[in-house]
Amino acid sequence: MPKRTDIHSVLIIGAGPIIIGQACEFDYSGTQACKALREEGYRIILVNSNPATIMTDPEFADRTYIEPITPECVEKIIARETEEMRRLGAKGRLVLLPTLGGQTALNTAMALVKRGTLDKYGVEMIGANAAAIQRGEDRRIFKDLMLSIGLDVPVSGVADTLEESRAVAEKIGRFPLIIRPAFTLGGTGGGIAYNREEFEVMARRGLELSPVSEILIEESLLGWKEFEMEVMRDKADNCVIICSIENFDPMGVHTGDSITVAPIQTLTDKEYQIMRDASFAVIRAVGVETGGSNIQFAVHPDNGRMVIIEMNPRVSRSSALASKATGFPIAKIAAKLAVGYLLDEIKNDITRETPASFEPTLDYVVTKIPRFAFEKFAQADPTLNTQMKSVGEAMAIGRTFKESLQKALRSLEIGRHGLGGDGRHWRIGNDVYQDRDILPRELISRRLTSPNAERIFFIRHALRAGFGVEEIFQLTKIDRWFLVQLKEIVDVEEELAASEP
Amino acid sequence: MNRELLAKAKSLGFSDRQIASLTRKSEDDIRALRRQLGLTPSYRLVDTCAAEFEAYTPYYYSTYDRGDDETRAGDKRKIMILGGGPNRIGQGIEFDYCCVHAAFALKEDGFETLMVNSNPETVSTDYDTSDKLFFEPLTLEDVLHIYEREKCWGAIAQFGGQTPLNLALGLQKNGVNVIGTSPQSIEIAEDRKLFSAMLNKLGIPQPPNGLATNEAQALDAARRLGYPVLVRPSFVLGGRAMQIVYSDAELNHYMRFAVEASHERPVLVDKFLEDATEVDVDCIADVGHFADPAQGTIVIGGFLEHIEFAGVHSGDAAMVLPPHTLAAEVIETMRRHTHAMARELRVIGLMNVQYAVKGDTVYVLEVNPRASRTVPFVSKAIGAPLAKLAAKVMAGRKLTELGFTKEIWTDYWAVKESVFPFNRFHGQDILLSPEMRSTGEVMGLDADLGIAYAKSQMAAGGPLPLSGRVFISVSDAHKKQVAAIAREFAGLGFEIVSTAGTAKVLEEAGLKVARVFKLAEGRPNTLDLLKNREIQLVINTPAGQTPRADEVKIRTTAVYTGTPIMTTLSGARAAALGIAALKRCGYGVKTLQEYH
């Protein structure tokens, strides 16, 4: 199918300032989209309030608005540009591409739909339509949709008031419970409640922080394995998996705060194929017509029960990671699909031979590790949970998980040069231990049980202090395969330390 | 150690640093040993197809796994650009922006560009940005391998923030041609003693200061200078562990728990200039290309006047370009100082200077001969790509050749506002301090200063209210000035709400004030009003050094209820200006292409 010729100008909404949960990955995706669509000859109108982005460089768009990304302000821009297009005698129409600027762009676009702005000015949304966004983002609708196509979801309920919240908790019947406010970014205001008292506090906060005063209360999947799939779909219903990602940290830690690994390491091919089929089913049911989506799964470590956690009907933080991990430019391809191309019509820049409908194949392992800034927020709780707290991330590539993990650790800029053995001391609270000291077992157990930014290093301390893989698994629920890899690294550390100079 | 063990360790990702420490050798020893044994990494392609088809985009990673090297030779001169690594507070997208511009600029000038970075979120790690992308850790070991393998002509370490800057000297020692301002000049700017000597020579004032490597020295210095003093470790970005201290006890606590002072990394103790106005200056220079520094060109990109008074980290402060309150003579003095320092340091590329203006005196707080966080903002504001120009200058061009020789003064206003992650860290107080805590920034542009400020607040997610109630509670030190500000809000039609102390001052000034209980006095109190959305704006300045629990609760509640809050009087004044402008005429929108 050729590209659409009825479009004259494309309005792209950026993600605004860098905040936790929405970092410069959206500059990356927005810049790619601007380039890809300009290449096709469309007039690009861009709005983004963040001056530190490449996309707001005046040469990346025809019209660059460094203005606030609010529905009111974007409406002014649409009015002004409609007028300008009339003046230019433009033949085609103005369309809005809302899927490349994170949650900010998506929420703003939805608000414009509700205000009637898009109808008033005859602006069409491309990439995803309002109904699909609603289905992907509204937890109640999404859950029912998943059940209707035979996929499993966590036992849960939605509440609009505190009373309803209590009733849902009663129905699920056991703590801990997960609380997720609707339409917030990076899980703002969410949390894990272990008792009634915490539940009351979190439910109230979640209701206040959700722009639609709605929270989802879910059975706890703490300790389950977590996976992500990056899927793309075109107008002719071709679907491809760009990248599969496995979270090293089990459920309970926000995926933005987890160490993640691509491709998936601990599933059998059969399990992977089931997850792949489910991903296609999800993107079709939600109805994302063109572009990319991110779908999150949880798998019970013992019985293998697989449930769908959520989907993002847009380019997400994970898409940037998936693009860098595979070399497949998701945002660029998503922009081209949005204006009518099909996956098999777009050439892969890297090979110049294969089309974008080929699923990438990896002959290496990619590890991403989040970077935290707790030293700046001394009064805040450093335990990791479902609300994202990291401020950045490092990624590394190696031929094995071990190689890529150690490369990623020394990329983190936290003064460490690998998993351990670099000669630097460990500062834990007010205590200082030398690099090769054996830490007290009790301290190690505590730090393994509750997720924290340094847990990866405590696994090394544990292995050196004589904890077995099984014991560490029981404390962390981190898959035994990963623990065995870490043990191999620690074994070589010991071998080096014992070697003759 | 035998070759087999060393090879095994490398294939498991061990760094030379780890191996050196574990085998009681130095990193240089291990590097030499590996070279002798022929153990170096090979570079493989990220190609989407596991090598089934030929790949044309040069996107590489290193591995010690056996296999062929997949890098290709080229015939152009190669420049390596060192990125900033993972984002963190103090080192974010601004530096990635500069690296990307360096890649674009040098490509235009006919160089082959190599990007080295480990941050997957960025534009710099898009394989389209540079000619070759190396997705690698930014450590001496990893960077040296690439430099040597690719036989680079030079490397840029001044664009990616502190990460590559910390590597610069080590790289130079190992034969890397670090282009631009010399690492020695960078050291003069970063080493307190050398820096003071330079300022003395040039006759430029700096706040009285001292150095300390232990508690006793710190106390000595503080007593000599007189409290309050500003303390901070050397060689950090983002004001890590930077603090204003008011007493011996606070200083003791700081030295004991907040920093690790050492002989190589002493703690800097500066006299803190209360109520001074801070200004950031970004300039570009090509002085180092000339035997006679007087021949070089220096152009100031922009003067950014901070809205908050000194003591707020420049990464957190709101800023206005061009300056809105400074006298022409003060600006001329800053221009003179900036030029003098750029010549003395023989700058090639970018330099950022932070000034504090108190009365008629202009003090230099800090000089950084490298790309600063404000470069993208200034570039967008004035319509000239400073980072691009700087990269070309660093690779040998002169500013006269590039046609950039004059300062650009805009006839519109650009306001920078910072965005904070406090809603993620419940219970964390939100007061601005010398320790940077913002994650991002926004820009407000308009012909009217008030509207530009109002837009910056809208963009930062705290739109200014046009009516309703404003809660005012300020410290004793600010009580004198508070009436004037309250009067402005009353004039704009706001109802003023205060607790007893501030209310008394305002009533005496003839203003109508609705009193509200302090938290301990009864209900409904300030928190109740905030939670019920009965307050539209909070003006709350901290009382003394250790904030009262009450205040912290008010501020954190404002954050969590999404109520706009000003914690400085200058911020409150700017808010009044913005509200007045919005009420007068509303706001319009305009493209960057039309501004420039």
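Loop-resident GluC sites (Glu not before Pro) (DSSP state other than H, G, I, E or B) in region B:16-114 with no more than 16 further Cβ atoms inside 10 Å of their Cβ: B:E52, B:E54, B:E70. Classify region A:367-501 from the C-alpha gyration tensor, please: rounded if a/c falls under 1.5, else prolate or oblate depending on whether a/b exceeds b/c. Verdict is rounded for region A:367-501. Rounded to the nearest whole Hz, the Karplus-based 3J(HN,Hα) values (6.51 cos²θ - 1.76 cosθ + 1.60, θ = phi - 60°) of region A:315-327 follow the sequence 5, 10, 4, 5, 5, 4, 4, 4, 5, 6, 6, 10, x, with x at glycine and proline.
Computed over region B:99-253, the alpha-carbon pair-distance distribution with 5 angstrom bins reads 1, 8, 14, 16, 15, 11, 9, 9, 9, 5, 3, 0, each value a whole percent. For region B:57-142, the C-alpha radius of gyration divided by 2.2 N^0.38 Å, with N the number of residues, is 1.09.
Determine the gain in length on full extension of the stretch B:E594-B:K504; use 0.36 nm per residue of separation and subtract their C-alpha separation, reporting nm with one decimal. Result: 27.4 nm gained on full extension. When the convex hull of its Cα atoms is viewed from all sides, chain B shows a mean projected area of 30.8 nm².
Of all lysines in the structure, those lying under 20 Å Cα to Cα from A:K376, and not within fewer than 8 positions of it along the same chain, are A:K389, B:K553. Seen from B:F377, the other residues with C-beta closer than 11 Å to its C-beta sum to a net charge of -2, counting Lys and Arg as +1 and Asp and Glu as -1. Each 10 Å bin from zero up to the one holding the largest Cα-Cα distance in region A:169-284 carries the following percent of pairs: 13, 32, 33, 20, 3, 0. Short-range pairs are left out: with C-alpha atoms under 8 Å and at least six residues apart, the relative contact order of chain B is 11 percent.
Considering all C-alpha pairs of region A:131-230, those separated by over 24 Å amount to 19%.
Exposure proxy shown here: for B:I179, B:I535, the number of other Cβ atoms within 10 Å sets the order, fewest to most, as B:I179, B:I535.
Using only the C-alpha atoms, the convex hull of the protein assembly as shown corresponds to 169 Å³ per residue. Local charge for B:V505 was computed over the other residues whose Cβ lies under 14 Å away, with Lys and Arg +1 and Asp and Glu -1, and equals +3. Fewest-first ordering of B:K388, B:K173, B:K8 by other beta carbons within 10 Å of each residue's beta carbon gives B:K173, B:K8, B:K388.
The slack in the chain from B:Q184 to B:Q36, taken as 0.36 nm per residue of separation less the alpha-carbon distance, amounts to 50.1 nm.
What's the FRET efficiency of B:N2 with A:E471 using the Cβ-Cβ distance as r and R₀ = 51 Å, to the nearest 0.05? E(calc), rounded to 0.05, equals 0.95.
With a Förster radius of 30 Å applied to the C-beta separation of A:D381 and B:K479, the computed FRET efficiency comes to 0.25. Modelled spin-label separation between B:K201 and B:D109, with each label point placed 7 Å from Cα along the Cα-to-Cβ direction: 2.6 nm.
Mean sequence separation of contacting Cα pairs (under 8 Å, at least six apart), scaled by the length of region A:31-179, corresponds to a relative contact order of 13 percent.
For a modelled paramagnetic label at A:D435, 7 Å from Cα along Cα-to-Cβ, the residues of region B:120-146 in reach, with backbone nitrogen under 17 Å, are B:139-142. Over region A:183-232, with a single point scatterer placed on each C-alpha, what log10 of the ratio I(q)/I(0) does the Debye formula yield at q = 0.15, 0.18 1/Å? Calculated log10 I(q)/I(0) at the listed q: -0.51, -0.68.
Taking amide hydrogens as placed 1.01 Å from N in the peptide plane, the amide H of B:E278 sits under 5 Å from those of B:H306, B:A310, B:V357, each at least 5 positions away in sequence or on another chain.
Restricting to the protein assembly as shown, what percent of DSSP beta bridges are antiparallel, rounded to 5? DSSP beta bridges in the protein assembly as shown are roughly 70 percent antiparallel. Exposure proxy for A:L97, B:L169: other Cβ atoms within 10 Å of each Cβ, ordered fewest to most, give B:L169, A:L97. Modelled spin labels at A:K3 and B:Q295, positioned 7 Å past Cα toward Cβ, are 4.9 nm from each other.
Only helical runs count toward this figure. For chain A, summing -39,500 (n - 2.57) over DSSP H runs of n ≥ 4 and dividing by all residues gives -11500 deg cm²/dmol at 222 nm.
Distance cut-off 21 Å, Cα to Cα: go down the list A:K368/B:K380; A:K407/A:K487; B:K455/B:K590; B:K479/B:K531; B:K480/B:K504; A:K225/A:K368 and report the pairs above it. Table pairs above 21 Å Cα-Cα are A:K368/B:K380; B:K479/B:K531. For chain A, relative contact order (Cα pairs under 8 Å, six or more residues apart, normalised by length) works out to 13 percent.
Proximity of backbone amide H atoms, modeled 1.01 Å from N, is registered between B:L464 and B:M458 at under 5 Å, excluding neighbours fewer than 5 places apart on the same chain.
Of all the C-alpha pairs in region A:254-314, what % are more than 18 Å from each other? The calculated P(r) of region A:254-314 puts 40 percent of pairs beyond 18 Å. With a simple spin-label model that places each label point 7 Å from the Cα along the Cα-to-Cβ direction, the separation between A:S450 and A:E495 comes to 3.8 nm.
When the Debye formula is applied to the Cα atoms of region B:1-88, each taken as the same point scatterer, what base-10 log of I(q)/I(0) results at q = 0.18, 0.19, 0.23 Å⁻¹? Each listed q maps to, in turn, -0.99, -1.04, -1.15. Full extension of the chain segment joining A:R174 with A:A236 gains 17.8 nm, where the gain is 0.36 nm per residue of separation less the Cα-Cα distance.
Region B:412-461 gives an Rg/Rh value of 1.07, both radii derived from C-alpha positions and Rh following Kirkwood.
With a Förster radius of 30 Å applied to the beta-carbon distance between A:N195 and A:R427, the computed FRET efficiency rounds to 0.40.
Global size of chain A: 23.5, 81 Å for Rg and Dmax (C-alpha atoms, Rg to one decimal, Dmax whole).
None of the figures in this text is laboratory data; all of them are computed from the coordinates on show. Note that the coordinates shown come from a computational prediction; the quantities given were computed from them, not determined experimentally. Neighbour counts are summed over all protein chains in view; Cβ atoms, including those assigned to glycine, are modelled from backbone coordinates with ideal geometry.
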